[in-house]
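Structure, as structure tokens:
The values are calculated or read from the model by the stated rules, or taken from the named source; none is laboratory data. Just so you know, these numbers come straight off a predicted model, no measurement behind them. Counting neighbours? That spans all protein chains shown, and the Cβs are built from the backbone with ideal geometry, glycine included.
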Amino acid sequence: MRTESLVLGGDLGGTSTRILVVGTDGRERGRSTAAAGNPVSHPDGAAAAFGDALRAALAGVDPVRVEASVIGVAGVSALRTASVAARFGRVWAAAGLRCDPGYAADLEVAFAAGTPEPDGSVLVAGTGATAGAVTDRRLTRTADGHGWLLGDDGSGFWLGREAVRAALRALDAGEPPGRLVGAVLRELGATGTADQVPRARPRRATEWRRDRVIEAVHSRPGVRLSALAPLVSAAYRDGDPEARSIVERAAAALLTTLGRIRDPEASTPIVLAGSLTSDTSPVGTTLRTLLAGRFAGPVRPARTEVGGAAWLALAALDPTLATRDAHTRLCA
């Protein structure tokens with residue numbers, strides 16, 4: 001009797017690495033989660049996290065039975081670098097896999113996670129932010145995704161940076177801290193007083209707080225400003241006007257990014273992916289209101305990108321396997 005064929009889906013992101021192994025019936029055979037796997041933002045640990053996730057997901061199955069794979073990678077262009085490709089290649093071979101990894105842009109996988117339709121648009125907003133046009137399940141155009149230093153408008157990094165800038169403006173103006181500014185100062189260790197400054201170089205309390213904010217931000221990688229994004233959401237829910245302004249500007253920036261790759265009259269689906277686009281995020285709820293007034297077409301959430309990758313892997317093995325029922329099972 002011929003052994004069952006398996007397929008593998010993967011989602012290598014800036015927060016985690018996820019692997020899902022399924023049979024041709026679209027049912028799970030193995031699953032795992034490991035550390036961040038973006039080869040751009042985590043160049044040293046991404047391949048190791050990938051290896052950890054593969055070993056865990058394949059622990060109960062023969063890897064030789066995996067006949068097709070699609071792995072969405074945030075920063076997939078890094079895999080065109082010889083040294084990075086070699087590290088990932090060694091990890092893949094060490095897991096006993098013989099098929100091609102099928103690396104794909106994370107936008108393609110995110111789109112497939114939200115809809116079984118072949119054409120449409122996808123907007124991703126988490127640590128970073130980018131939008132893409134998809135035709136026949138292939139990415140054809142993108143906007144933003146330029147990284148925290150050059151773009152990613154409306155992203156988690158962007159929210160964190162705007163929160164810090166709001167705190168610095170308040171300190172410069174000598175204004176009492178509101179809900180958001182106070183939270184930022186506490187998070188960055190800038191809530192002390194001038195009495196805590198060494199006597200050899202006394203400063204006024206406000207100046208000391210401002211310097212502490214600047215030093216704290218510049219002492220860590222810039223992308224880590226995204227860790228402050230939850231402070232914006234919490235302050236927004238408490239009615240803080242500064243947080244409200246940041247959230248509204250973030251949603252508007254994401255709408256602008258989507259508008260660069262989508263015709264307002266298009267009726268194809270719009271897939272939203274990433275933590276900031278969820279209906280529990282103030283940015284996500286504000287964005288949905290703006291979308292309804294700007295674009296036609298249904299809006300769909302991408303609930304599990306690794307499920308979308310596994311569904312695309314089924315299509316790669318045999319297009320007839322990528323049914324709507326299989327999509328619902330893997331991506332609902």
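Return the residues of region 265-297 that are over 18 Å from the mean Cα position of the chain (by Cα) and closer than 22 Å to Gly72 by Cβ; say none if nothing qualifies.
Passing the criteria: Thr268, Pro269.
Going by the conditions given, is Ala68 surrounded by fewer than 18 Cβ atoms within 10 Å (Cβ to Cβ) and either within 18 Å of Arg18 (Cα to Cα) or not charged (D, E, K, R) (or both)?
Working: surrounded by fewer than 18 Cβ atoms within 10 Å (Cβ to Cβ): no; either within 18 Å of Arg18 (Cα to Cα) or not charged (D, E, K, R) (or both): yes.
It is false that Ala68 is surrounded by fewer than 18 Cβ atoms within 10 Å (Cβ to Cβ) and either within 18 Å of Arg18 (Cα to Cα) or not charged (D, E, K, R) (or both).
Residue-by-condition table, conditions (1) touching a His at 6+ places or on another chain (Cβ under 9 Å); (2) touching a residue at least 40 places away in the same chain (Cβ under 8 Å); (3) farther than 29 Å from His42 by Cβ; (4) surrounded by fewer than 20 Cβ atoms within 10 Å (Cβ to Cβ):
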{"residue": "Thr142", "(1), (2), (3), (4)": "no, yes, no, yes"}
{"residue": "Phe157", "(1), (2), (3), (4)": "no, yes, no, no"}
{"residue": "Gly160", "(1), (2), (3), (4)": "no, yes, no, no"}
{"residue": "Arg165", "(1), (2), (3), (4)": "no, no, no, yes"}
{"residue": "Arg169", "(1), (2), (3), (4)": "no, no, yes, yes"}
{"residue": "Pro176", "(1), (2), (3), (4)": "no, no, yes, yes"}
{"residue": "Ala183", "(1), (2), (3), (4)": "no, yes, no, no"}
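Gly72: without any contact (Cβ under 8 Å) to a residue 40 or more places away in the chain and part of a strand (DSSP E or B), yes or no? First the steps, then the outcome.
Numbers: without any contact (Cβ under 8 Å) to a residue 40 or more places away in the chain: no; part of a strand (DSSP E or B): yes.
So Gly72 does not fit the description; no.
It is to be established whether one or more residues within region 207-227 are among the acidic types (Asp, Glu), within 13 Å of Ala166 (Cα to Cα) and in a helix (DSSP H, G or I). Walk me through it before giving the result.
Filtering region 207-227 for residues among the acidic types (Asp, Glu) gives 207, 211, 215.
Subsequent filtering for residues that are within 13 Å of Ala166 (Cα to Cα) retains none.
Within region 207-227 (the criterion being among the acidic types (Asp, Glu), within 13 Å of Ala166 (Cα to Cα) and in a helix (DSSP H, G or I)), the answer is no, since none of the residues qualifies.
Please go through region 32-65 and pick out each residue that is surrounded by fewer than 20 Cβ atoms within 10 Å (Cβ to Cβ) and aliphatic (A, V, I, L, M).
Ala35, Ala36, Val40, Ala48, Ala56, Ala59, Val61, Val64
Search region 267-288 for residues being touching a helix residue (DSSP H, G or I) at 6+ places or on another chain (Cβ under 8 Å) and in a helix (DSSP H, G or I), and hand back the single one that is surrounded by the most Cβ atoms within 10 Å (Cβ to Cβ).
Ranking the candidates gives Val283 first.
I'd like the full set of residues that are outside any loop (DSSP other than H, G, I, E, B) and surrounded by fewer than 18 Cβ atoms within 10 Å (Cβ to Cβ), limited to region 80-101.
Kept after step one, since they are outside any loop (DSSP other than H, G, I, E, B), are these residues of region 80-101: 80, 82-94.
Hits for region 80-101 are Arg80, Ala82, Ser83, Ala85, Ala86, Gly89, Arg90, Ala93, Ala94.
Which of the residues that make up region 228-266 are at pLDDT 95 or above, surrounded by fewer than 17 Cβ atoms within 10 Å (Cβ to Cβ), acidic (Asp, Glu) and not in a helix (DSSP H, G or I)?
Scanning region 228-266 gives a single hit, Asp238.
May I ask you to verify whether Pro298 is at pLDDT below 95 and surrounded by fewer than 16 Cβ atoms within 10 Å (Cβ to Cβ)? Explain how you work it out, then say what you get.
On the way: at pLDDT below 95: no; surrounded by fewer than 16 Cβ atoms within 10 Å (Cβ to Cβ): yes.
Spelling it out, it is not the case that Pro298 is at pLDDT below 95 and surrounded by fewer than 16 Cβ atoms within 10 Å (Cβ to Cβ).
Please work out if Val124 is in contact (Cβ under 8 Å) with a residue 60 or more places away in the chain and not in a loop (DSSP other than H, G, I, E, B). I'd like the intermediate steps shown before the answer.
Details: in contact (Cβ under 8 Å) with a residue 60 or more places away in the chain: yes; not in a loop (DSSP other than H, G, I, E, B): yes.
Criteria met by Val124.
Out of the strands (runs of 3 or more DSSP E) lying entirely within region 1-62, which hold 3 or more residues that are more than 17 Å from Asp100 (Cα to Cα) and touching a residue at least 60 places away in the same chain (Cβ under 8 Å)? Before you say what the answer is, go through the steps one by one.
Values: elements: 6-12, 17-23, 28-34.
Once the strands (runs of 3 or more DSSP E) in region 1-62 are filtered for at least 3 residues that are more than 17 Å from Asp100 (Cα to Cα) and touching a residue at least 60 places away in the same chain (Cβ under 8 Å), nothing remains.
Name every residue in region 140-169 that is over 14 Å from the mean Cα position of the chain (by Cα) and either aromatic (Phe, Trp, Tyr) or at pLDDT below 95 (or both), in order of residue number.
Leu149, Leu150, Gly151
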